[in-house]
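Throughout, read-outs are computed from the coordinates displayed, never taken from laboratory work. Just so you know, these numbers come straight off a predicted model, no measurement behind them. Here Cβ is always computed from backbone atoms with ideal geometry, including for glycine, and neighbour counts include all displayed protein chains.
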Amino acid sequence: MDTYLYLDRNTIVHRLDPRTKIMLMAGSFVMTLLFMHPAWVAMALAVVLIHGAVSKSLSNLKRIWWILFMLFTMGTILWALFSSGPTPFVGPIEWEAFLFGLGNALRIDTMIIAGMVFLSTTRNEEIVLGMVKMGVPYRFGFALSTALRLVPTINATVYTISQAQRSRGLDLDSGNAIVRLKKNIPLVVPAFLSTIRSTNVFGMALDSKGFGARPTRTNYLRVGFKTADWVFLAIMLGLLIPGIYLWACKLGRIPGLTKF
Amino acid sequence: MLSIDIRDLSYRYRGQKTPALQSINLQVEEGDFVVVMGPSEAGKSTLCACLNGLVPHFFRGKFRGEVRVLGRNTREHSVAEMAELVGLVFQDFEAQLFSTNVALEVAFGPENFNVPWEEIDRRVRRSLSLVGLEGMEQRAPATLSGGQKQKLAIASVLAMEPKVLCMDEPTTDLDPVSKLGIFAIADELRRRHDMTLVIVEHETEEAAKARRIVLMKGGTVVKDGPAHEVLREVDLMESIGVQPLGVPQYFHAMGSSELPLTVEEGVAEFQARGWRIDEAAYEALRRRDAERARSYGEPIIRVEGLSYSYPGEVNALRGVDLEVRRGEFLAIVGQNGSGKTTLVKHFNGLLEPTEGRVYVDGQETTKQGVYKLGQKVAYVFQNPDHQIFSDTVYNEVAFSPRIRGCSEKEIEQRVKEALEAVGLVGMEQEDPFSLTKGGRQRVAVASVLSARPEVIILDEPTTGLDYAEQRSMMELVSRLNQQGHTIIFVTHSMWVVAEYAHRVVVLKDGKVLLEGPTREVFAREDLLRETFLQPPQIVSLSNCLGKTLLSVPELVQCTRTGG
């Protein structure tokens, strides 16, 4: 079972310096958050999708489409319910509130997809190195990448445990929410314990490989800014600066939205 | 010069009543090759952890005495500082690999020591070629086989160019030939690089390659000497729960004062003494095999043209046909990644065939589902800790009947039965997590027995157990078989197969390569080796003598010494 989002492909995006990739992701976030109107957010989404297509990482959408779909529908409904506007639309929801819900849900999905593209094109080690080069202490960067690494590991453990418990007759799929929650105890206890145990070995292995032995360390992974990095950053700025100008001109908002 | 110098070392983990190590004195010369053996809780892993300072820096506890490695006192230097001198490889290879590709994994250690880039590059290439992983630089560690992962873990430690390499049970999860591969690497290191090697190992056939063997028990050293001397201490090894080597054990049992160590020496000694294999006794064994085979019932599991592929991966199984009859005791063997676990997961419906059909009790598994199949086919997972979650042994064992809606009285009866079967009566109110690994394994078996299944599948039931625990586990499984349960188990341990299984299925690359009664399968040594398997020493000896005998008692029984 493949446990990482990272896709080992040799595209122009994969070859970028990790700092560029981090900045591209941050740029995508800013661009997404500038506007509220779904039509405008959709433009940001389009840019992110083009980025994903160029890096051949959209195949990972298959792995997270369910989360995206759930967040999109739930987000649209909830945000729409908790805001209002002058134009009636469906039931208690006004047109402006609906646009607001849609816009916010799109924002969340766009940012998740931008994050997915980043993780699909950047190795764990590159993330750490990029952060270190941007001034983040190595230990902090390493801790963050460890957290990222832990998610798939825990997933794999839970998968094994759920098979063991299903073999003993545990039926995880029936009953109401509370019953089902209770049924998860046989999964949670062993998952928690084996995670602690493997984290312990991980800690020992780190120490045993001289983690933090010297104040500075070599980086075997070689990174550096090349022409492509400058081109990508220029494109990003070329989109972001006009975007900020339009935002300053109060464009991309939802007129008449009163409560949020 | 002394490489390792341990004086009067005692250590007790915080919160433990008994010390893990007591008054250990051990001196190891540079370039020596020491294997440490002993039962569970002997203090072997703690000793390893002392060498690079994990004890006392990482673990908390009471430390007395002194450990020096190449003159450096472990108490005065951090683990990271010691790491330059002592490389430590752990048993759990999954948890010690954390990079996204092989080259980066190997580079991690030297990176931490600020080694120049060109030098790291050289070391990465050299370490990988030493362990036989060249050309795999860009592979993700997760995609490697078990044996390759352990080799990678070794390479990642070698890249730090330590003077001492310590490996804590590095071969536990590996198939026999991968085990030999690890020891071949060890030998190479010692000869070419004059590295001091300390390896904790519980399988004696591997340990025989060492120059010196240290036997430990209860935190103390009970014997320390040249390997050829220690391996002849058959009684001592048995008494502390370490499996003696088959060949010397056989000659010892025959009352011989001369104890050969290898198969070749054994054959020569056997012939020199003018001993012969007793044809009549051998025929009696074969007749017993045949009788047993006739006593099996109707087929309970039938596999037809089974193929299975995990999403996005190559085929794990390719056209397997197999029949298991009621009352059989079947071993499924094969190298790491040959499809053993994938195959047995079809028997209780955890996996559904990509192609072909699996029938249990005459009905297709896809039509029955895991819940229903669970009453007929029980599955004990390799790691009991993936299964145990209750606060008492009773509740753990009661889980299955409870979930199936049995009455409290019925549950009580079933728990009693199951605990009797595994020998844990009286432990009902114990916390399962407070038991040893062997004890937890028993709880795991009891917890599936309480569903009263006909078939019991065990995935690597002896992994991580010491010799005495392995024996007692397999005696338990054997008893269950005699009581009428059909047993199917997956294993790497060849002596367990030889002594307990009635029939063996050998898988290679997802196909059945060889199948038949244990005696017939072990007679095909050449073919077994093709699948990275090797019969136990005693079986090899008997094969060289022209007959296949599966254990020391069998060979003793069939030996004619006079006229």
At the level of C-alpha centres, the distance separating segment A:1-58 and segment B:57-130, in angstrom, is 37
Computed from the beta carbon distance with a Förster radius of 60 Å, FRET efficiency for A:Met134 and B:Val425 to the nearest 0.05 stands at 0.45
In degrees rounded to 10, the 0-90 angle between helix B:467-482 Cα long axis and the longest Cα principal axis of chain B is 10
Relative contact order of segment B:357-482 (C-alpha contacts under 8 Å, at least 6 apart) in percent is 35
Restricting to Cα pairs under 8 Å and 6 or more apart, the percent relative contact order of chain B works out to 14
Counting only DSSP beta bridges with both partners in the protein assembly as shown, the antiparallel fraction in percent, to the nearest 5, comes to 60
Counting only DSSP beta bridges with both partners in chain B, the antiparallel fraction in percent, to the nearest 5, comes to 55
Eigenvalues of the alpha-carbon gyration tensor of segment B:339-397, times 5 and square-rooted, give semi-axes in Å, largest first, of 26, 14, 8
Exposed GluC sites (Glu not before Pro) being those in a DSSP loop with at most 11 other Cβ atoms within 10 Å, the longest stretch of chain B free of them is B:314-563
Quarter of the surface of the C-alpha convex hull for chain B, i.e. direction-averaged projected area in nm², equals 27.2
PRE zone check, label point 7 Å out along Cα-to-Cβ of A:Tyr245, amide N under 20 Å, scope segment A:23-40, hits A:27-28, A:30-36, A:40
Across B:107-120, the residue-averaged tally of Cβ atoms belonging to other chains within 10 Å stands at 5
For segment B:427-504, the Cα convex hull volume per residue in Å³ comes to 96
Straight-line reach check, B:Lys223, cutoff 21 Å on alpha carbons, 8 or more apart in-chain or any other chain, hits among lysines -> B:Lys44, B:Lys209
Across 10 Å bins beginning at 0, the whole-percent shares of Cα-Cα pair distances in segment B:326-444 come to 12, 35, 35, 17, 2
Note to self: C-alpha centroids of segment A:185-248 and segment B:422-484 sit apart, in Å, by 43
Using alpha carbon positions and the Kirkwood radius, the Rg to Rh ratio of segment B:501-563 is 1.04
Kirkwood calc, chain A, C-alpha pairs only, radius in angstrom 21.5
Percent of all alpha-carbon pairs of segment A:1-117 at distances over 17 Å, whole number, is 59
Expressed as a whole number, the average count of other chain Cβ atoms within 10 Å around the Cβ atoms of A:219-228 is 3
Rg (one decimal) and Dmax (whole number) from the Cα set of segment B:166-271, in Å, equal 14.4, 42
The longest stretch of chain A containing none of the trypsin sites (Lys or Arg not before Pro) that sit in a DSSP loop with at most 11 other Cβ atoms within 10 Å is A:1-221
Candidate span helices, chain A: DSSP H, at least 15 Å along axis from Cα coords, Kyte-Doolittle average at least 1.6, result A:38-54, A:227-248
The relative contact order of segment A:1-158, taking Cα pairs under 8 Å that sit 6 or more residues apart, comes to a percentage of 33
Taking a ≥ b ≥ c as the square roots of the Cα gyration tensor eigenvalues, with a/c under 1.5 meaning rounded and otherwise prolate when a/b beats b/c or oblate if not, segment B:238-325 comes out prolate
Dividing the helical contributions, -39500 (n - 2.57) per DSSP H run of n ≥ 4, by the residues of chain B yields a 222 nm value, nearest 500 deg cm²/dmol, of -11000 deg cm²/dmol
Segment B:536-563 and segment B:378-402 have their Cα centres apart by a whole-number Å value of 41
Whole-percent tail of the Cα-Cα distance distribution for segment B:1-83, cut at 23 Å, equals 15
For chain B, whose charge dipole is built from +1 on Lys and Arg Cβ atoms and -1 on Asp and Glu Cβ atoms, the candidate among B:Asn395, B:Gly87, B:Gly356 with its Cα farthest towards the positive end is B:Asn395
Simple spin-label estimate for B:Arg288/A:Arg253, 7 Å along Cα→Cβ, in nm, reads 9.2
Rounded to a whole number, the Stokes-Einstein D of segment B:439-563 in µm²/s (Kirkwood radius over Cα pairs; 20 °C; 1.002 mPa s) is 135
Counting every C-alpha pair in the protein assembly as shown, the percent lying more than 53 Å apart is 21
